[in-house]
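*Asks:* Take this structure, written in structure tokens, and hold onto it; I'll ask about it next.
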Amino acid sequence: MCDARRPRSVDRDVTIRRLTFTVDWQPGHAAAYLIPGDEPILIDAGTPGERGSEELHAGLNDYGYEPSDIEHLLLTHGHADHVGQTQTILEAGSPTVYAPRHQQERYERDMETIAERTRSNLLEAGLEPRRLDSASERLLAGHRIVRESLPEDAVDVWIDDEPFTVGEREIEPIYSPGHHIAHFCFGTTLNDERVIFSGDMAMEPFRAPSLLVNFDDGVEDSVRTFFETVDRLKTYQFDRVFPGHGPVHARYEDCLNRSITDLESELEACLDQIGSGPTTAFQIAANRAGKKREISRLFAEVVGLVGYLEHRGDVRGTLTDGVRFYELD
């Protein structure tokens with residue numbers, strides 16, 4: 001068991017302030033967290049756009065702060081609902097911005113290459129060609145929004161696995177990919193409690209989808225990586241969880257165990273469908289989702305699920321005319 005009581009931070013009476021931003025999927029919000037002090041720290045930056053800006057200003061104002069008061073901005077991962085108001089905060093003041101180094105590595109891939117690989121991977125996963133343009137454009141729009149919200153030159157400190165200091169507070173970074181390739185959780189000590197700002201991991205009462213890279217190369221590794229991350233997170237102990245969605249809670253280990261159980265259930269459901277005859281990842285996702293919006297959020301994870309089943313030796317994939325079909329091994 002990792003000694004999650006180190007490194008310790010300044011011991012003082014601190015009340016974490018929670019800001020919420022509206023999103024169009026369950027549970028209907030994304031959360032950011034303000035750690036007050038001589039050098040206020042904001043963990044994650046909400047959603048992009050005018051509504052996100054209004055919610056950032058209103059949320060900070062509720063606690064007597066303005067965007068210009070933020071001295072440090074600490075980002076868990078590069079999804080739009082967590083980095084969306086970075087530019088607003090930068091325009092208002094001069095915060096130090098911290099982001100995962102893996103996000104910087106993602107920026108090394110040009111958009112043309114990402115577009116090409118995204119389209120190829122969508123087709124291999126069984127997406128109907130008539131849907132290719134709309135699906136790939138939606139995915140590429142997500143990349144562009146993140147790059148606009150969090151340009152590479154806006155980041156002052158690229159986070160790796162080494163503990164670091166934000167203002168006067170020691171932070172323990174925990175690399176936690178699966179939902180996103182550049183995802184970190186952040187542990188620290190507040191009011192003699194070990195707490196974790198978990199981003200999109202260890203949430204209550206649901207699990208974030210395992211997307212990893214959306215449909216860029218490596219999408220098939222999402223579920224395997226998610227399992228590895230949960231196993232790593234289980235070597236830590238935390239008293240309280242401040243997640244990127246859902247309520248603040250004290251059920252850290254229970255949430256991790258539920259994530260494993262849920263993924264195992266999803267794997268069994270995929271096996272059941274593959275057992276009915278050769279099928280594609282898209283056919284599995286379409287059968288399980290039932291609605292267009294749900295398919296778009298489920299599709300990438302299903303590619304990871306069948307990729308994990310193939311890695312485990314339960315199924316085999318065969319490429320036929322550029323489309324991968326799965327059947328029981």
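What follows draws every value from the coordinates through simple rules; no lab data is involved. Since the model is a prediction, treat every value here as computed from it, not as a measurement. For neighbour counting, all protein chains shown are included, and Cβ atoms are generated from backbone atoms with ideal geometry for every residue, glycine included.
*Asks:* Regarding the stretch 179-200, can at least one residue be identified that is free of Cβ contacts under 8 Å to residues at least 40 places away in the same chain and farther than 30 Å from Asp133 by Cα?
*Replies:* No, the stretch 179-200 contains no residue that is free of Cβ contacts under 8 Å to residues at least 40 places away in the same chain and farther than 30 Å from Asp133 by Cα.
*Asks:* Ok, one more. Residues in the stretch 137-177 that are closer than 23 Å to Gln87 by Cβ and part of a loop (DSSP other than H, G, I, E, B): how many?
*Replies:* 5
*Asks:* Also, quick follow-up: So the check is Cβ under 6 Å with 6+ separation or different chains; which pairs have a first residue in the stretch 303-329 that's over 21 Å from Gly178 (Cα atoms) and a second one that's in a helix (DSSP H, G or I) and acidic (Asp, Glu)?
*Replies:* Gly317/Glu310; Arg324/Glu124
*Asks:* Please list, ordered by first then second residue, the pairs with beta carbon atoms under 8 Å, 6 or more apart or interchain, first in the stretch 109-122 and surrounded by fewer than 17 Cβ atoms within 10 Å (Cβ to Cβ), second of a type in the set (A, V, I, L, M, F, W, C) and part of a helix (DSSP H, G or I).
*Replies:* Met111/Leu140; Ala115/Leu140
*Asks:* How about the stretch 190-210: which of its residues are part of a loop (DSSP other than H, G, I, E, B) and hydrophobic (A, V, I, L, M, F, W, C)?
*Replies:* Residues satisfying the conditions are Met201, Ala202, Met203, Phe206, Ala208.
*Asks:* Please list, ordered by residue number, the helices (runs of 4 or more DSSP H) wholly in the stretch 6-117 having 1 or more residues that are under 30 Å from Glu220 (Cα atoms).
*Replies:* 80-83, 101-107
Condition check ((1) closer than 23 Å to Gly322 by Cβ; (2) more than 17 Å from the chain's Cα centre (by Cα); (3) surrounded by fewer than 13 Cβ atoms within 10 Å (Cβ to Cβ)) across all residues:
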{"residue": "Leu256", "(1), (2), (3)": "no, no, no"}
{"residue": "Leu263", "(1), (2), (3)": "no, no, no"}
{"residue": "Ala269", "(1), (2), (3)": "no, yes, no"}
{"residue": "Gln273", "(1), (2), (3)": "yes, yes, no"}
{"residue": "Pro278", "(1), (2), (3)": "yes, yes, no"}
{"residue": "Ala281", "(1), (2), (3)": "yes, yes, no"}
{"residue": "Asn287", "(1), (2), (3)": "yes, yes, no"}
{"residue": "Arg297", "(1), (2), (3)": "no, no, no"}
{"residue": "Val302", "(1), (2), (3)": "yes, no, no"}
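*Asks:* Looking only at the stretch 125-136, which residues are assigned to a loop (DSSP other than H, G, I, E, B) and either surrounded by 21 or more Cβ atoms within 10 Å (Cβ to Cβ) or without any contact (Cβ under 8 Å) to a residue 60 or more places away in the chain (or both)?
*Replies:* Matches in the stretch 125-136: Ala125, Gly126, Leu127.
*Asks:* Output the residues belonging to the stretch 205-226 that are acidic (Asp, Glu) and under 17 Å from His82 (Cβ atoms).
*Replies:* none
*Asks:* Need the failing condition index for Gly84 against (1) touching a Leu at 6+ places or on another chain (Cβ under 9 Å); (2) without any contact (Cβ under 8 Å) to a residue 60 or more places away in the chain, just the number.
*Replies:* Answer for Gly84: the failing condition is (2).
*Asks:* May I ask you to say which residue of Thr96, Thr88 is surrounded by 15 or more Cβ atoms within 10 Å (Cβ to Cβ) and more than 23 Å from Gly142 (Cβ to Cβ)?
*Replies:* None of the others qualify; the one that does is Thr96.
*Asks:* Inside the stretch 128-144, can you point out the residues that are within 18 Å of Leu212 (Cβ to Cβ) and not charged (D, E, K, R)?
*Replies:* Once the filter is applied, which keeps residues that are within 18 Å of Leu212 (Cβ to Cβ) and not charged (D, E, K, R), the stretch 128-144 yields Ala135, Ser136, Leu139, Leu140, Gly142, His143.
*Asks:* How many residues are surrounded by 22 or more Cβ atoms within 10 Å (Cβ to Cβ), farther than 23 Å from Glu193 by Cα and among the β-branched types (Val, Ile, Thr) when one looks only at the stretch 150-181?
*Replies:* So the count comes out to 2.
*Asks:* Continuing with this model, one more query. Assess whether Val213 counts as being within 24 Å of Asp44 (Cα to Cα) and surrounded by 20 or more Cβ atoms within 10 Å (Cβ to Cβ).
*Replies:* Yes, satisfied.
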